[in-house]
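The structure appears below as structure tokens.
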Amino acid sequence: MADSTITKVDGSHSPTGAMGQKYLASGKHVALRLWVSEAPGEAKPASRREYETVGYVIGGAAELRLEGQVVRLDPGDSWVVPAGAEHSYRILEEFTALEATSPPAHAHGRDETAH
């Protein structure tokens, strides 16, 4: 029998991670998180994650550095960070973006220091 459970997450009560990410709905294979009004500043430390990330810029601008490549992210842009790829972000203008991770990056799991 197929899973027919509906999961609804009230964003006003979502947990917030150590780097300011708001955790939204999470399933068995994918999870959503939201970054709201991230302040401009120095590049985040480079990291590698076990999960794939796809994102969408709602507002502001950032620079994504991925395995020696650099790309600017502006409103309406989307991106992919493959699992295991070294990457970092630098916020250029107050930044709001939605990300999906697969497998899920959880609020109380391996993602407490990720971005």
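The values are calculated or read from the model by the stated rules, or taken from the named source; none is laboratory data. Here the structure is a predicted model, which is why all the values come from computation and not from measurement. FYI the Cβ positions are ideal-geometry reconstructions off the backbone, even for glycines, and counts take in every protein chain you see.
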Completion exercise
Among (1) in a loop (DSSP other than H, G, I, E, B); (2) at pLDDT below 95; (3) closer than 12 Å to Ala105 by Cβ, Ala83 falls short only on (2)
Practice task
Hand me the list of strands (runs of 3 or more DSSP E) wholly inside segment 1-80 holding 3 or more residues that are surrounded by 15 or more Cβ atoms within 10 Å (Cβ to Cβ) and either among the small types (Gly, Ala, Ser) or in contact with a strand residue (DSSP E or B) (Cβ under 6 Å, 6 or more places away or on another chain) (or both).
Solution key: 22-26, 31-38, 52-66
Exercise for the section: Would you mind finding the one in Val57, Val9, Val30 that is over 15 Å from the mean Cα position of the chain (by Cα) and hydrophobic (A, V, I, L, M, F, W, C)? Expected result: Val9
Exercise for the section: Would you confirm whether any residue within segment 83-95 is surrounded by 13 or more Cβ atoms within 10 Å (Cβ to Cβ), aromatic (Phe, Trp, Tyr), on the phi < 0 side of the Ramachandran plot and touching a Phe, Trp or Tyr at 6+ places or on another chain (Cβ under 8 Å)? Expected result: yes
Fill in the blank from the handout: When every residue in segment 60-92 that is of a type in the set (Lys, Arg) and more than 14 Å from the chain's Cα centre (by Cα) is compared, the one farthest from Ser102 (Cα to Cα) is Arg72
